[in-house]
Amino acid sequence: MASNMVEALIDICKKTHLDELYIIDRLEQTLAKNYADILHLEYGARVTIDRATGKVYVYELVPKGEPDEQTGEYEDFEERDVTPKEASRLVVQHVKQELAEIIRNSQRQQIYEEFSNRIGDLITGTVLQTTSDFAIIKIRDGVEAELPYFDPHRYPEERNERPPHEYYVHNQRLHALIVDVRNPSSTSAPVRGERQRPSIVVSRARRELISRLFELEVPEIYDGVVTIRSVARDAGVRSKIAVSSQDPHLDPVGACVGPKGARVRTVVSELRGERVDVVQWYDDPAQNVASALSPATVTRVLVDEEHNHATVIVPDDQLSLAIGKGGQNARLAASLTGMHIDIKNESLAADILHELDTMKQVPETIESEHRCEFEGEQGQCRNMARPNSRFCGLHEHEDKEYSAASDEPISLI
């Protein structure tokens, strides 16, 4: 029986890629505590397992000499063989439970060491199981992740990393962002059922997921030619992403949108229909705010950089579009630019201009982002137009007025 136990142990270690000597050492330590309780040994026991035969030997620890004067504990022990006749049989009864615990802890430690430095990375997985509180995502054989969506009212200490109205089914493939890796050796109090849940925690509600998806779909971003400057997200509903280009001849918005919108459509499809607005980033705060409020047309932007405040003036018929449903467009633009934005229509502008004479105006020649006006066989181009042009970089030759005026300096107000 003992020999069969060792053979089974070696076979399990090979399948789980664990060190059999380490497993045996852990078993010896655990069994020593068990035998000390079973045999009522006052000073504990030491257990050894023969690596060849699997036979178990139990030794009682008997103190030698006098205890330490300060601690009152014995430092030297002699061992006395107290191995029961049914020692190996008793080991077999405990080994299954103990071995499962050791293997589980060892695998969690290996996963922690591998993934603890990958927080913020994008992973692709398959849904294995869904519950009312979380979904289990299989990353690869032996490695699983948890996508939690606990009710914050019932479990305020838990996470909710699922966008609203998004649900998962068995064998569904999806992308997710690694947001945490639980440390199995942590001494902090675990959350409810943490020891039985996967070590890796992923999210589909964080705004960083948008950046990682565009890096996956847009080679120019991966290569560093196009830079993602800021992302704002209302998970499951709408997002805005501001990009800039290191190459003055490359349209960053067009690169992210892709031919006929193919690249941004792939991202939208992965986000289950969430609307994604790609706008250009400007170093000038006024131009940046005007761009962030796309698709609304902006007449003027007055910026108070000291208080990080921007007052935006829009045509009367553009006020509702600039604010958005429930203030969503303005809220995302504020998050994207990092500024507090106050939107006014032109009919009220005359009453507030004298209070904002210290603020900087956005150039009137710079219009907010709008879609390329080129009409082809497939319909209107989905790329965003370049600044001061009605067309994107691919169809810029269609804009004769822009080409003629390209050498003229842009007038600023």
Simple SL model, points at 7 angstrom along Cα→Cβ for Asp50 and Glu114; separation in nm is 3.7 nm
note: segment 221-273, Cα-Cα separations exceeding 14 Å make up a percent value of 58 percent
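Quick check on my link table: of Lys15/Lys55; Lys33/Lys64; Lys14/Lys55; Lys14/Lys138; Lys15/Lys85, which ones sit more than 29 Å apart, alpha carbon to alpha carbon? If you can, show how the numbers build up before the last one.
Working: Lys15/Lys55 23 Å; Lys33/Lys64 21 Å; Lys14/Lys55 21 Å; Lys14/Lys138 22 Å; Lys15/Lys85 32 Å.
Beyond 29 Å between Cα atoms: Lys15/Lys85.
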Residue span Lys260 to Ile12: 0.36 nm per residue of separation minus Cα-Cα distance leaves a gain in nm of 83.9 nm
With a 1.4 angstrom probe the carbon and sulfur portion of accessible area for segment 205-279, in percent, totals 47 percent
Over all directions, segment 1-150 yields a Cα convex hull whose mean projected area in nm² is 13.8 nm²
To the nearest 20 debye, segment 25-155 has a Cα-centred charge dipole, built from +1 on Lys and Arg Cβ and -1 on Asp and Glu Cβ, of 900 debye
Restricting to Cα pairs under 8 Å and 6 or more apart, the percent relative contact order of segment 138-177 works out to 25 percent
For segment 287-352, percent of DSSP beta bridges that are antiparallel (nearest 5) comes out at 45 percent
The correct pair for segment 283-335, radius of gyration to one decimal and Dmax as a whole number, both in Å and from Cα atoms, is 10.5, 31
For segment 23-142, the accessible surface attributable to carbon and sulfur atoms (probe 1.4 angstrom, ligands and nucleic acids excluded) amounts in percent to 44 percent
Treating only Lys and Arg (+1) and Asp and Glu (-1) as charged, each at its beta carbon, one finds that segment 95-241 has a dipole about its Cα centre, in Debye to the nearest 20, of 260 debye
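Find the all-direction average of the projected area of the Cα convex hull for segment 132-276, expressing the result in square nanometres with one decimal place.
Projected area, direction-averaged: 10.7 nm².
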Env charge @ Val231, Cβ radius under 9 Å, K,R +1 / D,E -1, value +3
Mean separation of Cα contacts under 8 Å (at least 6 apart) over the residue count of segment 206-259, i.e. the relative contact order in percent, is 30 percent
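The values are calculated or read from the model by the stated rules, or taken from the named source; none is laboratory data. Every value quoted in this text rests on a predicted model; they were computed, and no experiment measured them. FYI the Cβ positions are ideal-geometry reconstructions off the backbone, even for glycines, and counts take in every protein chain you see. In case anyone asks, the SASA skips ligands and DNA or RNA and just uses the protein heavy atoms, side chains included. Shrake-Rupley method; radii C 1.70, N 1.55, O 1.52, S 1.80 Å.
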